[in-house]
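Enquirer: Right, I'll just put the structure down here and ask away after.
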Amino acid sequence: MTAIFGIFRYVYNLILSGLTFPQKYHGKMVRMEDGVTFHIFRHMHLKSGNGYSNGAVFIVRFKFRKFSHKTNMRLSKIPILLIAGFPGFMDKIWMIDWKTDCWQGVYQFENVGAIEKYKKSFILKIMNKRAQSDTISYLILPDQAFNVYLDDIISS
């Protein structure tokens with residue numbers, strides 16, 4: 001998918017399909033299976049589903065090579081256009097662990113095939129270039145509902 005095509009899909013999604021930035025999870029803490037606790041600071045949701053039941057969850061974790069947390073939070077807004085326009089995209093949560101400086105993205109895609117394409121995308125390549133290569137990890141959870149997964153890991 002080209003960057004231009006992604007931007008056109010983003011504009012379409014924003015206008016016709018209801019791209020939103022819900023506050024439901026904003027500020028919540030999640031505790032991952034490995035014990036790392038993350039703070040959610042942004043959620044992007046595409047309202048128009050394409051009839052998927054659970055879809056697949058994709059988790060990306062890494063540490064940035066440079067810039068402050070505040071700067072990286074601002075810079076993380078730039079690829080929103082391309083992420084929202086990616087075929088099969090449904091949701092993304094941005095989060096940070098202030099203690100370890102780890103960043104994590106939790107995505108919902110329509111299926112594992114869309115995730116595999118996203119893993120090869122220009123968008124993810126850019127993130128990989130900004131990250132410390134030895135800190136990048138991916139996890140795919142097939143047939144997993146995004147909101148159910150999040151509700152399971154959110155700290156009370």
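Enquirer: Provide PHE109, PHE122, PHE21, PHE62 in ascending order of the number of other Cβ atoms located within 10 Å of each residue's Cβ, fewest first.
Expert: Numbers: PHE109 25, PHE122 13, PHE21 10, PHE62 21.
Fewest to most other Cβ atoms nearby, the residues stand as PHE21, PHE122, PHE62, PHE109.
Enquirer: Evaluate the charge dipole of the range 3-153 about its Cα centre and quote only its size in Debye, nearest 20, assuming +1 on the Cβ of each Lys and Arg and -1 on the Cβ of each Asp and Glu. Don't skip to the end; give the middle numbers.
Expert: On the way: 21 positive and 11 negative charges, 166 e Å.
The calculated dipole for the range 3-153 is roughly 800 debye.
Enquirer: Now for a separate question. Lys and Arg at +1, Asp and Glu at -1: add these up for the other residues within a Cβ distance under 12 Å of ASP151 and post the number.
Expert: Values: positive: LYS24, LYS28; negative: ASP152.
Net charge in that neighbourhood comes out at +1.
Enquirer: Quote to one decimal, in nm, the extra length available between SER155 and MET29 on full extension: 0.36 nm per residue of separation minus the C-alpha distance between them. All intermediate terms of the calculation are to be shown ahead of the outcome.
Expert: Details: separation 126, 0.36 × 126 = 45.36 nm, distance 0.55 nm.
Stretched out fully, the SER155 to MET29 stretch lengthens by 44.8 nm.
Enquirer: Among MET29, MET95, what is the fewest-to-most ranking by other Cβ atoms within 10 Å?
Expert: By the 10 Å Cβ count, ascending: MET29, MET95.
Enquirer: What distance in nm separates the simple spin-label points at ILE126 and HIS69, each placed 7 Å from Cα in the Cβ direction?
Expert: 2.4
None of the figures in this text is laboratory data; all of them are computed from the coordinates on show. This structure is a prediction, so every number in the text was calculated from the model and none was measured. No Cβ is skipped: glycine too gets one built from the backbone with ideal geometry, and neighbour counts run over all protein chains shown.
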